[in-house]
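Each reported figure results from applying straightforward, stated rules to the coordinates on display, with no laboratory input. What you are looking at is a predicted structure, and each value in this text was computed from that prediction instead of being measured. As a convention, Cβ positions derive from the backbone with ideal geometry for all residues, glycine included, and neighbour counts pool all protein chains shown.
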């Protein structure tokens, strides 16, 4: 069989490529992208973790503010009474301010370490849940690749699976209800009815026994 002319081979190759492109265009995309920040903010677990962090931050900040108020009040007292206080008393109050400042700095350092530790813990836990969710979702949807939006410059909106991942995350991972919130309120115990003191037996009426 003589070899096919070059023009025929080019035509056949063009037809094959055209068919492949047309087939690819009709198939659903096998790539997805998502925004992890959205999942951190709107999933039930993410919202709970953020609420826990806010509660801890407010508690620590409240303690720091209280200590700062003590220092401010002591300084104001020194200012107002500086003319009437003895040198020894002023020196003692100044020392008290310094000690409270040391306590305040220590509280700030401790609060920073505690918040960093708590943030790192919840982020690691959330990241593990996120990996499990993405893997399960990818297998379920038969996707070849799921990318973090933070590492790409552009994606078509049609391949954004963020909201679907939010639903899958909430399905796989439930927020833990705080113990105080899930413990039913105890019903008040009914007080036993007060017992009435036993009545004394009534004396039999004095009657005539036939003799007067």
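Over the range 28-178, the hull volume per residue, using the convex hull of the C-alpha atoms, is 142 Å³.
Work out, step by step, the length gained on full extension between residue 160 and residue 115: first 0.36 nm times the residue separation, then minus their alpha carbon distance; give nm to one decimal. Walk me through the numbers before you get to the answer.
Numbers: separation 45, 0.36 × 45 = 16.20 nm, distance 3.30 nm.
Full-extension gain reported as 12.9 nm.
Compute the length gained on full extension between residue 65 and residue 77: take 0.36 nm times their separation in residues and subtract their Cα-Cα distance, giving the result in nm to one decimal. All intermediate terms of the calculation are to be shown ahead of the outcome.
On the way: separation 12, 0.36 × 12 = 4.32 nm, distance 1.83 nm.
Residue separation times 0.36 nm, minus the Cα-Cα distance, leaves 2.5 nm.
With each label modelled as a point 7 angstrom along the Cα→C-beta vector, the residue 47-residue 125 pair spans 1.8 nm. Taken over the alpha carbons of the range 32-104 as equal point scatterers, the Debye sum produces base-10 log I(q)/I(0) values at 0.21, 0.27 Å⁻¹ of -0.89, -1.11.
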